[in-house]
Amino acid sequence: MLIDYHIHNHFSPDSDSPTEAIIEKALKMGLSAICITNHSETFTEGEGLPGTVQPDALKRFEKAKQEIGDFQKKYPDLMIGFGGEIQYEDDMRPVTELVEKTRFDFILGSVHNLDGTNISGHTHADQFFERQTEEQAYHRYFEEMLKLIGWGRIDAVAHFDIIKKYGHEYYGPFKPEKYKTILTAILKKMKEKGIGMELNTGSMHRRCRELFPHPTILKWCVEIGIEHFTLGSDAHDVHEIARYFDEAFRIAKDAGIRTLSTYRNRQPTKHQI
Ligand SMILES: [Zn+2]
Ligand SMILES: [Zn+2]
């Protein structure tokens, strides 16, 4: 079963993609299920600090949900999920409120910000990497990931090792074995809490040119017994939907992954791949 469980649409502060164009493209690519996973915060270029949850986030998510419901009636052949991409913040109270008040089908959890810098966007990433060693930077990132899992109100972790997207330009290729202790601790905690792992193809054509997470980490996921895996393009434009999925499938199968999961009302269903 082909799914794209990480797509941003025009209700996300960083995308203009019309929902109907997303649906048409998904059907053309042979997908059976998609999930719209918008951000709750803004990433306005030129602002030093990435924003936290926006005051209008709740309303925006309600509108997005309504629109998905309307399109689901028009396109019964495609399962359209209503999701969110929630990022870890120092103060998780606004996010917790948002998650409790909104009836999501699926929630992705992300770490985008470290010490006030957006490490997933090129505008400010160098501010973070230039001032520390690889070990410091990567440990800082994975410690933040542990906190996200500790908070835990998510269904899957998005772009698990996105730190390498820009990190590899400063320190060379990412070698998961160097961080096996903390990575194993994170994965075990994910398993304990039933949190799944996303396979994210968003940087396979640029920057680090690798799947998130690294294939070695996917093998550890299988060994540790992580139950659920999702697949997402992280498309902010319609043409990016389902991009590099053939390669992602090959990597998933090599790692021993046999199923992908879809979610309805935060409840997962496994599908053979
Ligand atoms: Zn993200
Ligand atoms: Zn995203």
Quiz item: List pairs: first in the stretch 224-242 and closer than 17 Å to L211 by Cα, second of a type in the set (D, E) and part of a helix (DSSP H, G or I), Cβ under 9 Å, 6+ apart or cross-chain?
Solution: S233/E240; D234/E240
Exercise. For the stretch 97-119, enumerate the residues that are open to solvent by less than 20 Å² (accessible area, probe 1.4 Å) and assigned to a loop (DSSP other than H, G, I, E, B).
Key: T102, F104, D105, V111, H112, I119
Quiz prompt | Any hit, the stretch 183-197, residues being touching a residue at least 60 places away in the same chain (Cβ under 8 Å) and either within 16 Å of ligand 1 (Cβ to nearest atom) or crowded, with 22+ Cβ neighbours inside 10 Å (or both) | solution = yes
Quiz item: Do we have any residue at all in the stretch 46-64 that's under 18 Å from the mean Cα position of the chain (by Cα), at pLDDT below 95, closer than 30 Å to R250 by Cβ and within 16 Å of ligand 2 (Cβ to nearest atom)?
Solution: no
Exercise. Return a yes/no flag: does the stretch 247-255 have any residue that is closer than 24 Å to N9 by Cβ, in contact (Cβ under 8 Å) with a residue 24 or more places away in the chain and either in contact with a Ser or Thr (Cβ under 8 Å, 6 or more places away or on another chain) or surrounded by fewer than 19 Cβ atoms within 10 Å (Cβ to Cβ) (or both).
Key: yes
Quiz item: Which residues, taken from the stretch 220-250, are over 27 Å from Q267 (Cβ atoms) and either in a helix (DSSP H, G or I) or β-branched (V, I, T) (or both)?
Solution: V238, H239, E240, D246, E247, R250
Practice problem: Name every residue in the stretch 105-127 that is among the hydrophobic types (A, V, I, L, M, F, W, C) and more than 16 Å from ligand 1 (Cβ to nearest atom), in order of residue number. | Solution: none
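If I filter the stretch 202-211 for residues that are assigned to a helix (DSSP H, G or I), away from ligand 2 (no atom under 16 Å from the Cβ) and at pLDDT 95 or above, do I get at least one hit? Explain how you work it out, then say what you get.
So in the stretch 202-211, the residues assigned to a helix (DSSP H, G or I) come out as none.
No, the conditions are met nowhere in the stretch 202-211.
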Exercise. Kindly list the number of the only condition in (1) touching a Leu at 6+ places or on another chain (Cβ under 9 Å); (2) under 23 Å from Q267 (Cα atoms); (3) of a type in the set (A, V, I, L, M) that fails for I195.
Key: (1)
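Specify which of the listed residues (D77, D90) is open to solvent by 20 Å² or more (accessible area, probe 1.4 Å), in a loop (DSSP other than H, G, I, E, B) and at pLDDT 95 or above.
On the way: D90 fails: at pLDDT 95 or above.
Just one listed residue meets the conditions, D77.
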Quiz item: In the stretch 120-156, how many are surrounded by fewer than 21 Cβ atoms within 10 Å (Cβ to Cβ), within 16 Å of ligand 2 (Cβ to nearest atom) and of a type in the set (D, E)?
Solution: 0
Exercise. Scan the stretch 5-45 for residues that are of a type in the set (S, T, N, Q), within 27 Å of T96 (Cβ to Cβ) and in a loop (DSSP other than H, G, I, E, B) and report the count.
Key: 6
Exercise. Return a yes/no flag: does the stretch 168-187 have any residue that is under 20 Å from the mean Cα position of the chain (by Cα), basic (K, R), modelled with pLDDT of 95 or more and not in a loop (DSSP other than H, G, I, E, B).
Key: no
Practice problem: Pairs only if they're at least six apart or on different chains, beta carbon under 6 angstrom, first in the stretch 67-87 and farther than 17 Å from H10 by Cβ, second outside any helix (DSSP H, G or I) and among the hydroxyl-bearing types (S, T, Y); list them, first residue then second. | Solution: Q87/S110
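In this structure, is G83 within 13 Å of H39 (Cα to Cα) and either acidic (D, E) or not in a helix (DSSP H, G or I) (or both)?
It is true that G83 is within 13 Å of H39 (Cα to Cα) and either acidic (D, E) or not in a helix (DSSP H, G or I) (or both).
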Practice problem: Taking the residues in the stretch 1-15 that are touching a Phe, Trp or Tyr at 6+ places or on another chain (Cβ under 8 Å) and surrounded by fewer than 20 Cβ atoms within 10 Å (Cβ to Cβ) as candidates, determine which candidate is nearest to D77 (Cα to Cα). | Solution: L2
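When the residues of the stretch 16-43 are narrowed to those that are within 16 Å of ligand 1 (Cβ to nearest atom) and more than 11 Å from E85 (Cβ to Cβ), which ends up least open to solvent (accessible area, probe 1.4 Å)? Steps first, please.
Here is the first cut: in the stretch 16-43, the residues within 16 Å of ligand 1 (Cβ to nearest atom) are 17, 35-43.
Next, only the ones that are more than 11 Å from E85 (Cβ to Cβ) stay: 17, 42-43.
On the way: S17: 6, T42: 27, F43: 44 Å².
My answer is S17.
The values are calculated or read from the model by the stated rules, or taken from the named source; none is laboratory data. Just so you know, these numbers come straight off a predicted model, no measurement behind them. Cβ coordinates were reconstructed from backbone atoms using ideal geometry, including for glycine residues, and neighbour counts include every protein chain displayed. All accessible areas refer to the heavy atoms of the entire protein, side chains included, with ligands and DNA or RNA removed. Shrake-Rupley method; radii C 1.70, N 1.55, O 1.52, S 1.80 Å.
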